[in-house]
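The structure appears right after this line, and notes come after that.
The values are calculated or read from the model by the stated rules, or taken from the named source; none is laboratory data. For clarity, every value in this text was computed on a predicted model and none was experimentally measured. All Cβ positions, even for glycine, are placed from backbone atoms using ideal geometry, and neighbour counts span all protein chains on display. Each accessible area value is taken on the protein alone, full model and side chains, heavy atoms only, with ligands, DNA and RNA left out. Shrake-Rupley method; radii C 1.70, N 1.55, O 1.52, S 1.80 Å.
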Amino acid sequence: IGAGNASISLSQLVNKQVSIHVPKLYVDKIESVLKYIGTSDELMTVVLIKLLGDVTGTMVMMFQPKDAIKLASLMNKKPYNEKQKLNYMDRSALKEMGNILSGTALNALAKLTKMYSVNSLPDSATDMVGSMIDNILADIGQDSEVIMSFKVMFQVKSEDISGQLFFLFDPKTT
């Protein structure tokens with residue numbers, strides 16, 4: 001439900017059709033999470049948002065850098081330039097998108113489970129997947145050896161933009 005609502009919000013943000021793939025649920029050892037997310041040396045642009053309240057954890061929106069630039073260009077209503085790098089306004093647009101998507105997903109989750117949460121201010125980075133995920137998992141791993149995560153793949157059809165949305169839940173939540 002949360003993923004569907006998030007895709008509707010994204011579709012409204014970019015004024016394009018957005019499709020999602022059926023979310024996948026993973027329950028595994030913390031050290032195995034990277035195999036669901038990507039290779040550790042892969043360069044990605046991410047938006048990170050902490051989930052606070054009854055449901056705690058981290059939401060990670062992940063894109064190939066060129067897809068992040070395409071999406072930010074679309075949101076900022078400017079033409080895409082493949083030589084472009086993400087600037088302040090682009091990162092701001094991506095963070096706002098993450099804020100809206102996480103809020104939409106958390107609202108749907110709250111209606112379904114009667115568990116209420118809020119999201120932190122978003123952060124954005126372009127770095128190796130391994131280093132970013134290691135920091136998130138270090139916090140989660142302090143309490144447990146097992147993690148539950150949802151993976152949602154989405155695509156802005158007419159723009160050849162795809163990304164992944166992960167919810168990495170703290171073990172005490174699950």
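In region 14-52, the qualifying residues are those that are within 29 Å of residue 70 (Cα to Cα) and of a type in the set (S, T, N, Q), and the one that is modelled with the highest pLDDT is 45. In region 137-166, which residues are modelled with pLDDT of 80 or more, open to solvent by 20 Å² or more (accessible area, probe 1.4 Å) and in contact with a strand residue (DSSP E or B) (Cβ under 8 Å, 6 or more places away or on another chain)? Matches in region 137-166: 155, 162, 164.
Is there a residue being touching a Lys or Arg at 6+ places or on another chain (Cβ under 7 Å), open to solvent by less than 70 Å² (accessible area, probe 1.4 Å) and part of a strand (DSSP E or B) anywhere in region 127-136? Looking for residues that are touching a Lys or Arg at 6+ places or on another chain (Cβ under 7 Å), open to solvent by less than 70 Å² (accessible area, probe 1.4 Å) and part of a strand (DSSP E or B), one finds none in region 127-136, hence no.
Here is a yes/no grid of residues against (1) under 17 Å from residue 9 (Cα atoms); (2) touching a residue at least 12 places away in the same chain (Cβ under 8 Å); (3) charged (D, E, K, R):
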residue: 43; (1), (2), (3): no, yes, no
residue: 55; (1), (2), (3): no, yes, no
residue: 79; (1), (2), (3): no, no, no
residue: 91; (1), (2), (3): no, yes, yes
residue: 103; (1), (2), (3): yes, yes, no
residue: 112; (1), (2), (3): no, yes, no
residue: 115; (1), (2), (3): no, yes, no
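Quick one: is residue 55 of a type in the set (Val, Ile, Thr) and at pLDDT 90 or above? No, not satisfied.
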